[in-house]
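Structure first, then comments.
The values are calculated or read from the model by the stated rules, or taken from the named source; none is laboratory data. In this text, all values refer to a predicted model and were calculated from it rather than measured experimentally. Positions of Cβ are generated from backbone atoms using ideal geometry, with glycine treated the same way; all protein chains shown enter the neighbour counts. In case anyone asks, the SASA skips ligands and DNA or RNA and just uses the protein heavy atoms, side chains included. Shrake-Rupley method; radii C 1.70, N 1.55, O 1.52, S 1.80 Å.
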Amino acid sequence: IAMEKAVIPTEEQLEILEHHFCKVNKHPDPTTLCLIAAETGLSEEQTLQWFKQRLAEWRKSEGLPSESGSVRD
């Protein structure tokens, strides 16, 4: 699978992404991811990459390893 170039979300897209990350789900399922992507206008791949990056940052700020095994937040 070819990786898409990292995209810098706009202020508006970031607000939507952050809202979903903080208030809804840090691990969106494929359907939710699709809806978030549609809402932001980003591709599902870009949305997934953002969530992975954001989760790693969140885990780091919580003093957790950046990659989790089977433990879900």
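Here's a check for you: in the stretch 20-66, which residue that is in contact with a Ser or Thr (Cβ under 6 Å, 6 or more places away or on another chain) and charged (D, E, K, R) is most open to solvent (accessible area, probe 1.4 Å)?
As a first pass, look at the stretch 20-66 and keep what is in contact with a Ser or Thr (Cβ under 6 Å, 6 or more places away or on another chain): 33, 36-37, 56, 59-60.
Keeping just the survivors that are charged (D, E, K, R) gives 59-60.
Working: 59: 16, 60: 159 Å².
Among those that are in contact with a Ser or Thr (Cβ under 6 Å, 6 or more places away or on another chain) and charged (D, E, K, R), it is 60.
Might you let me know whether the stretch 9-23 holds any residue that is among the charged types (D, E, K, R) and either modelled with pLDDT under 90 or in contact with an Asp or Glu (Cβ under 6 Å, 6 or more places away or on another chain) (or both)? Yes, there is a match, as at least one residue in the stretch 9-23 is among the charged types (D, E, K, R) and either modelled with pLDDT under 90 or in contact with an Asp or Glu (Cβ under 6 Å, 6 or more places away or on another chain) (or both).
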